[in-house]
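The values are calculated or read from the model by the stated rules, or taken from the named source; none is laboratory data. Everything numeric in this text was worked out from a predicted model, so none of it was measured. Every residue, glycine among them, receives a Cβ derived from its backbone with ideal geometry; neighbour counts consider all protein chains shown. Calculation scope for accessible area: heavy atoms of the full protein, side chains included, ligands and nucleic acids excluded. Shrake-Rupley method; radii C 1.70, N 1.55, O 1.52, S 1.80 Å.
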Amino acid sequence: MPKLAVLLLFSLPASPTPAQTPTQAGDDSLRTTRHTQLFGVGRTNLLDTYLSPVEYGGTSLYLLHRSERLAHWGKGRVSVQGTYAGSIALPRSSADDDKAMDGSIEAAVAWHYNFPRTAAGTRLALGGMAGTTLGFTYLMRGGNNPAQGRWAADIGLSALCEQPFRVGRHTWQAAVQLDVPLLGVRFSPNYGQSYYEIFSLGHYDHNLCLTHPINAPTARLTALLNIPLWGANVCVGYGADVRQSEVNHLKYHSWNHCFLIGYVRRLRLLR
């Protein structure tokens, strides 16, 4: 007989969850697959000197989906986390005489080692991550170089902390996660080089560049408060996504800050 699997969809419980003790072999809170869906609105500050020496700023929209479960290895101490994110922004130049469109999509995976929970239920986890990003910037005024495409892949460190606490009869949870790329590769035209030269004439000019915290200091911070509400689990919080690079004598930065709101749900596999 083939194995039968039943997926039960339910929200995080509104009643208090007993705290794990440091001596437990695994983390029961990760026995289910936890899905977090977040929507954000905020502000972006954009600079790409390949297109213009002027900074652009404006409203940005953000979408993030994150799933987390225990890995099939690691004796119940290792969790695997997948992240998919996308953003779109319509910034204006500082003189308000030009508009731009900027967008990106990202996929990343992280493996966290979960330290034993404290008596207060604090969860600390640290591990490695790998991710890739694809994006573009388009200046609506046109010109010789109206658009810029971006691609990057990197590996780095990921750390998170979760702390449950009581509010009345319910258990709330504060969570903070920081992801920092350490080594990667990025596509970039060289200074004064056109995309026609790269893709039509095939003139390679150091267009794949090595990135590290010196020439591309980048980080993403997510701080969330999970609130049991009417039988569901609602998230509110803050997100900061800071991307910077200086390669091929070209500077780029995208500083994004947004308010996040969403929900958490769990999927349990019964065998």
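Given contacts defined as C-alpha pairs under 8 Å and at least six residues apart, what's the relative contact order of the chain, whole-number percent? Walk me through the numbers before you get to the answer.
Values: 748 pairs, mean separation 62.3, N = 271.
In percent, rounded to a whole number, it is 23.
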Check: Leaving out ligands, DNA and RNA, what percent of the accessible area of the chain is carbon and sulfur, probe 1.4 Å?
Finding: 66
Checklist line | Mean-position separation - Cα centroids, region 223-245 and region 58-126, in angstrom | finding: 10
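Would you mind calculating the gained length between ARG265 and THR59 on full extension (0.36 nm times residue separation, minus the Cα-Cα distance), in nm to one decimal? Intermediate values should be presented prior to the final figure.
Values: separation 206, 0.36 × 206 = 74.16 nm, distance 2.87 nm.
Taking ARG265 through THR59 to full extension adds about 71.3 nm, to one decimal.
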Note to self: How far apart, in nanometres, would the label points at THR118 and ALA95 be if each is projected 7 angstrom from Cα along the Cα-to-Cβ direction?
What the structure shows: 5.4
Check: By how many nm would the segment from VAL185 to VAL236 lengthen if fully extended, with 0.36 nm per residue of separation less the alpha-carbon distance?
Finding: 15.0 nm
Item checked: Accessible-area ranking of HIS249, HIS206, largest first, probe 1.4 Å -> HIS249, HIS206
Item checked: Separation in nanometres of the label points that stand 7 Å from Cα toward Cβ, at LEU210 and CYS161 -> 3.4
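Which value, in Å², gives the accessible area per residue of the chain when a 1.4 Å probe is used on the protein heavy atoms? Can you show the working numbers first?
Working: 14430 Å² over 271 residues.
On a per-residue basis, the chain sits at 53 Å².
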Check: Given the Cα-Cα distance of HIS249 and LEU225 and 0.36 nm per residue of separation, how much length would full extension add, in nm?
Finding: 4.5 nm
Note to self: Restricting things to Cα coordinates, could you compute the convex hull volume per residue of the chain in Å³?
What the structure shows: 164
